1. Of everything in the range 292-318, what is surrounded by fewer than 24 Cβ atoms within 10 Å (Cβ to Cβ) and part of a helix (DSSP H, G or I)? Give them in sequence order.
2. Only one of Val271, Val324 is more than 30 Å from Leu200 (Cβ to Cβ), part of a helix (DSSP H, G or I) and in contact with a Gly (Cβ under 9 Å, 6 or more places away or on another chain); which?
3. Given the criteria surrounded by fewer than 20 Cβ atoms within 10 Å (Cβ to Cβ), within 16 Å of the ligand (Cβ to nearest atom), modelled with pLDDT under 90 and more than 17 Å from Met78 (Cα to Cα), does Val357 qualify?
4. Residues to consider are Ile388, Ile396, Ile373; find the one that is crowded, with 21+ Cβ neighbours inside 10 Å, within 17 Å of Asp295 (Cα to Cα) and away from the ligand (no atom under 16 Å from the Cβ).
5. Need pairs with beta-carbon distance below 7 Å; first residue more than 11 Å from Ala168 (Cα to Cα) and within the range 51-68, second of a type in the set (S, T, N, Q) and in a helix (DSSP H, G or I); sequence gap 6+ or separate chains.
6. Do you know which of the residues in the range 259-278 that are charged (D, E, K, R) and under 15 Å from Met175 (Cα atoms) is farthest from the ligand (Cβ to nearest atom)?
7. Restricting attention to the range 166-182, does a residue exist that is within 20 Å of Leu29 (Cβ to Cβ), part of a helix (DSSP H, G or I) and in contact (Cβ under 8 Å) with a residue 60 or more places away in the chain?
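The values are calculated or read from the model by the stated rules, or taken from the named source; none is laboratory data. Just so we're clear, the structure is a prediction, and the values are computed from it rather than from any experiment. With ideal geometry, Cβ positions are generated from the backbone for all residues, glycine too; neighbour counts draw on all protein chains shown.
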Amino acid sequence: MVAGLIVGSLINSFAHDIRFVQDYLVGGLFHVVGSMFISMLKMLVVPLVTFSLICGVCGLGDISKLGRVGGKAFALFMITTALAITLAISIASFFAPGEGFEIFQTGTGTFIPPVAPPLTQVFIDLIPSNPIAAFAEGNMLQIIFFTILFAVCLLMIGKPGEAIINAAEKLNMVMMEVVNVVMYIAPVGVFALMAKTFSLQGLDMILPMLSYVAVLVAALLLHVTGTLMLLLRLLGRVNPLTFLKKMRTAQIFAFSTSSSNATIPVTLRSVEKRLGVDNSTASFIVPFGATINMDGTAIMQGVATVFIANVYGIDLSLGSYLTVIGMAVLASIGTAGVPGVGLIMLAMVFDQVGLPVEGIALILGVDRLLDMIRTAVNITGDAVVSTIVARSEDAISLDTFNDPDAGQVEEVHLPHQQPTASEQA
Ligand code: ASP
């Protein structure tokens, strides 16, 4: 990751007008390898979530637990998001980024917000009218809904369902092994993604936006190391430092791909194998969280609201801030499954409190880089909630959690071909 960052920044500073470098290295090698790597991660998401969730539900023991685990996770998602944005608004109000900012400084273009579906539609869309389409499109909430129903009914039919449960367990093992293989080759993919991003996005455009970027990054860091770790300590009663160490790989994946969704395989693997959370809890909370829990994105909305209000000299009332908090929590559910979600949510929030939506154009230039950081925060939130819920359900192995080497990706052992019967003869 660091090597990619350095190479990318060097290209941006010294070689951005050399055609060969741009065409063959940035637009060629880095682009191809990086895109292949992201596709490879996305390729794992649907089969892994499906098989893992079937195993998770069937391994629950008591089906009534499902509602309890879901309810706790949902409540924690909402609470952490509300805390995140409250923290962001408080810090941003204190440092007042954007005051005295001249709009012409950045000279960015216009912003046309994509349309988000109304919240009511989100509930209707929970149920896939065609499950095959849901799987084909990777619609996470629909996949979760159908798979849980399917798994519960597998349990209900009893003995005839056992063979399918067994098969799902084996398929889950295979998919976890595919994750291992992808993680083994990941350094190359991460390098390519970082090198490409940083050769296209020089760090110099941060300068005019420094107050916004600095306050946002500070709020993101404070949420991860403060709020989330405090919750983990108080409610999860586990060591936050161990947690952070073990989540580092998943955070790097989130950072370099900027997508919670593409990171699901790695988050799931880290939460189960490194933190020791039981599959019955993790298989449900991780994909659910990747879709509706976005603490980092909420923080961006809080800071952006204060920043744009300051830039345009608009005084927001306490009521407006409370609306922003409520909206951000709802918007994180409402935009489930929509790509480029952060800015759509922001447009919804601005609309609600009467801030100029075109103000978003100002922060577009630096958004690509900030998206990387907030995605890492988003998936950390999912893992924190998984750990807290698992702890309350006694569904975590503390031995695994405390073992520094548990679940490390070491080497991929290729199987040796067995001699065939005729060769043996
Ligand atoms: N990229 C973020 C994620 O996938 C969402 C966003 O803030 O745009 O978690």
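1. Filtering the range 292-318 for residues surrounded by fewer than 24 Cβ atoms within 10 Å (Cβ to Cβ) gives 292, 310-318.
Passing the criteria: Ile292, Asn310, Val311, Leu318.
2. Working: Val271 fails: in contact with a Gly (Cβ under 9 Å, 6 or more places away or on another chain).
Just a single option satisfies the conditions, and that option is Val324.
3. Details: surrounded by fewer than 20 Cβ atoms within 10 Å (Cβ to Cβ): yes; within 16 Å of the ligand (Cβ to nearest atom): no; modelled with pLDDT under 90: yes; more than 17 Å from Met78 (Cα to Cα): yes.
It is false that Val357 is surrounded by fewer than 20 Cβ atoms within 10 Å (Cβ to Cβ), within 16 Å of the ligand (Cβ to nearest atom), modelled with pLDDT under 90 and more than 17 Å from Met78 (Cα to Cα).
4. On the way: Ile396 fails: within 17 Å of Asp295 (Cα to Cα); Ile373 fails: away from the ligand (no atom under 16 Å from the Cβ).
Just one listed residue meets the conditions, Ile388.
5. Pairs found: Gly59/Asn279; Gly59/Ser280; Leu60/Ser280.
6. Lys273
7. Start the filter on the range 166-182 by keeping residues that are within 20 Å of Leu29 (Cβ to Cβ), which leaves 182.
Filter once more, keeping what is part of a helix (DSSP H, G or I): 182.
Those still in the list that are in contact (Cβ under 8 Å) with a residue 60 or more places away in the chain too: 182.
Within the range 166-182 (the criterion being within 20 Å of Leu29 (Cβ to Cβ), part of a helix (DSSP H, G or I) and in contact (Cβ under 8 Å) with a residue 60 or more places away in the chain), the answer is yes, since at least one residue qualifies.
Residues checked against (1) more than 18 Å from the chain's Cα centre (by Cα); (2) within 14 Å of the ligand (Cβ to nearest atom); (3) outside any helix (DSSP H, G or I):
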site: Thr225; (1), (2), (3): no, no, no
site: Met229; (1), (2), (3): no, no, no
site: Leu234; (1), (2), (3): yes, no, no
site: Phe255; (1), (2), (3): no, yes, no
